[in-house]
Amino acid sequence: MSELTVTPEYVNNSTLDELVTWYPGQSGPQPIELCLDLEDGTFWFRVNPEIGRSMPARHWHGLVQRWEVPAPLTPNGANAYLDELVDDAQAILNDSTVYWDGSNRVGSVGPEGQEADERIEAELGDERDIPEDRVVRTVEASDAYIECASEVLHSTGLTAATSDEQLDRMADDLEAEAASEGMVIRSVVDWLREQRAEMRRQVEDELGEVVDRLKADTIRRDELVNTMYAWCSQRDLADRIEVSQGTVSNLLNRQGA
């Protein structure tokens, strides 16, 4: 039996997403685990770095006991669980043995430790049993802002002329606002860049429309000037269309007047 004392390793609560990792191409964040090291008594939460069901060798051989948590936890929520479950963790550690099985160092837990294991599993195994204020809500920016994009963009001040540096600061502000509400919004920078790109496309399209109108208006202006030259002087025409008399003369020459 072990004589070690459980040592909780508390989560840094300076950022909400300490226990949130979302790999590209995955539909959601990586699961987190509560772990107990039978060799040194360390008791901590971690993000499972493995995709799928694979696990590190020390976990496989029972040297580290682990419990998967069905929802990402806030740092304060994780730390509260470390305090609440430390007695059960100590019961597991007290009833554990680490030995060499001829091939590997392995860990095993006796019946009292297994009962404590089941209590921890019951506490963490169902997301519905986890208090809402301990859960980090995670969502893609495109989903978070789908119904309020205009309001969000207005609040940030994003325009087609916004620089990358300004955009990054806007993203930081949105992420901080979400964190204050217990939420991690993913891909905020990418979402803002997409919105800015759309704004720029609209500006470019409008410029194209203006250029086309100007071309048509210029042709019509020249036709009207040519007609009015029958009773107006070049100076009078220049005053009317707010150009120099030389410009009017060139215009009339192009029209064959």
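The values are calculated or read from the model by the stated rules, or taken from the named source; none is laboratory data. These numbers come from a predicted model, not from an experiment. Counting neighbours? That spans all protein chains shown, and the Cβs are built from the backbone with ideal geometry, glycine included.
Name the single residue, out of those in the stretch 1-32 being of a type outside the set (A, V, I, L, M) and more than 22 Å from the chain's Cα centre (by Cα), that is nearest to Tyr99 (Cα to Cα). Explain how you work it out, then say what you get.
Initially, the stretch 1-32 is screened for residues of a type outside the set (A, V, I, L, M), giving 2-3, 5, 7-10, 12-15, 17-18, 21-31.
Restricting the remaining residues to those that are more than 22 Å from the chain's Cα centre (by Cα) gives 2-3, 5, 7-10.
Values: Ser2: 11, Glu3: 15, Thr5: 18, Thr7: 21, Pro8: 24, Glu9: 25, Tyr10: 28 Å.
The extreme case among them is Ser2.
Take the residues in the stretch 156-180 that are of a type in the set (D, E, K, R) and within 14 Å of Glu194 (Cα to Cα); name whichever of them is nearest to the chain's Cα centre (by Cα). Please lay out each step first, then the result.
Of the stretch 156-180, the ones of a type in the set (D, E, K, R) are 164-165, 168-169, 172-173, 175, 177.
The next check asks that each one be within 14 Å of Glu194 (Cα to Cα); those that pass are 164, 168.
Numbers: Asp164: 17, Asp168: 12 Å.
Among them, the one singled out is Asp168.
Here is a check on your reading of the model: is Tyr81 of a type in the set (Ser, Thr, Tyr) and closer than 25 Å to Arg119 by Cβ? Walk me through it before giving the result.
Working: of a type in the set (Ser, Thr, Tyr): yes; closer than 25 Å to Arg119 by Cβ: yes.
Judged against the criteria, Tyr81 is a match.
Name the residue, out of Glu50, Glu3, that is at pLDDT below 95 and closer than 30 Å to Glu140 by Cβ. I'd like the intermediate steps shown before the answer.
Working: Glu3 fails: closer than 30 Å to Glu140 by Cβ.
Every option except Glu50 fails the conditions.
Just to be sure before I move on: is Glu175 outside the structural domain of Glu68 (by TED's automatic domain parsing), assigned to a helix (DSSP H, G or I) and at pLDDT below 90 in the structure I sent? Talk me through it step by step, then tell me what you get.
Working: outside the structural domain of Glu68 (by TED's automatic domain parsing): yes; assigned to a helix (DSSP H, G or I): yes; at pLDDT below 90: yes.
Yes.
Is the stretch 163-179 home to any residue that is more than 30 Å from Ser27 (Cα to Cα) and loosely packed, with under 11 Cβ neighbours inside 10 Å?
Step one: filter the stretch 163-179 for residues more than 30 Å from Ser27 (Cα to Cα), giving 163.
Add one more test, that the residue is loosely packed, with under 11 Cβ neighbours inside 10 Å, and what stays is 163.
Yes, the stretch 163-179 contains a residue that is more than 30 Å from Ser27 (Cα to Cα) and loosely packed, with under 11 Cβ neighbours inside 10 Å.
Can you tell me which of Ser155, Ser233, Ser187 is under 30 Å from Asp17 (Cα atoms), surrounded by fewer than 16 Cβ atoms within 10 Å (Cβ to Cβ), hydroxyl-bearing (Ser, Thr, Tyr) and not assigned by TED's automatic domain parsing to the domain that holds Leu19? Show your work before the answer.
Details: Ser233 fails: under 30 Å from Asp17 (Cα atoms); Ser187 fails: surrounded by fewer than 16 Cβ atoms within 10 Å (Cβ to Cβ).
Going through Ser155, Ser233, Ser187 in turn, just one is under 30 Å from Asp17 (Cα atoms), surrounded by fewer than 16 Cβ atoms within 10 Å (Cβ to Cβ), hydroxyl-bearing (Ser, Thr, Tyr) and not assigned by TED's automatic domain parsing to the domain that holds Leu19: Ser155.
Checking Leu4 against (1) touching a strand residue (DSSP E or B) at 6+ places or on another chain (Cβ under 7 Å); (2) touching a residue at least 60 places away in the same chain (Cβ under 8 Å), only one condition comes out false. Which one?
(1)
The conditions are (1) touching a Cys at 6+ places or on another chain (Cβ under 8 Å); (2) not in a strand (DSSP E or B), and Gly28 fails exactly one of them. Which is it?
The one condition Gly28 does not meet is (1).
Taking only the stretch 207-234 into account, find how many residues are among the charged types (D, E, K, R) and either in contact (Cβ under 8 Å) with a residue 12 or more places away in the chain or within 20 Å of Ala149 (Cβ to Cβ) (or both). Spell out how you get there, then give the answer.
Filtering the stretch 207-234 for residues among the charged types (D, E, K, R) gives 209, 212-213, 215, 217, 220-223.
Filter once more, so that each one left must be either in contact (Cβ under 8 Å) with a residue 12 or more places away in the chain or within 20 Å of Ala149 (Cβ to Cβ) (or both): 221-223.
Qualifying residue count for the region: 3.
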